[in-house]
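As structure tokens, the structure follows; a few thoughts come after it.
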Amino acid sequence: MNLMNKKTLVIGASVNPMRYSNSAVISLQRFGYEVVALAKRSGRIGDIHIQIQFPENELIHTITLYIGPKHQPEYYERIIDLKPRRVIFNPGTENPDFLRKLEASGIEALEDCTLEMLNADRY
């Protein structure tokens, strides 16, 4: 499997090493995945620049969410328009309404943990 085919967008990336989104960016990169990090504030996680502009024309395989349901609606259309293969709702980000919208658009939606998926070779 070519890992580059699973380019991942992390929404809600944080420079704070105590945040799971920070660990996810580092782990994804360590496992060999290409990572795009997005947040409201720019910064760096290792050598990954955190973008503040949503990537419009990137070929993204997976989007992993680290923002709660109340902050997700502003991303609904953009995520669906990006046409990722799947969206992962990490613990605390579960959103049945958005999950249904994704599935209705033909996008796989999972309630799982990116870090556990990586460590269990399920990513």
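Every number here is computed from the coordinates shown, using simple stated rules; none is lab data. Quick caveat: nothing in here was measured; it's all calculated off a predicted structure. Note that we place each Cβ from the backbone using ideal geometry, even for glycine, and neighbour counts take in every protein chain shown.
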Given a cut-off of under 8 Å on Cα pairs at least six residues apart, what relative contact order in percent is computed for segment 20-83?
-> 24
Looking only at aspartates and glutamates whose Cα falls under 20 Å of LYS83's and that sit 8 or more positions away or on another chain, we get GLU34, GLU56, GLU58, GLU74, GLU94, ASP97, GLU103, GLU108, GLU111, ASP112
Take the Cα atoms of segment 46-123, find their three principal axes, and give me the spread along each one in whole Å, biggest first.
-> 30, 27, 23
Can you tell me which of 113-120, 51-58, 5-12 comes out highest on packing, and rank the rest after it, using the mean Cβ neighbours within 10 Å?
-> 5-12, 113-120, 51-58
Lys and Arg at +1, Asp and Glu at -1: add these up for the other residues within a Cβ distance under 14 Å of ILE67 and post the number.
-> +3
What number, in nm² with one decimal, is the all-direction average of the projected area of the convex hull of the alpha-carbon atoms of segment 1-84?
-> 5.4
Provide the packing ranking of 17-24, 74-81, i.e. peptides ordered by the mean count of other C-beta atoms within 10 Å per residue, highest first.
-> 17-24, 74-81
Just order 59-65, 38-44 by mean Cβ neighbour count inside 10 Å, highest at the front, would you?
-> 59-65, 38-44
Antiparallel %, DSSP beta bridges [both residues in the chain], to 5 | 15
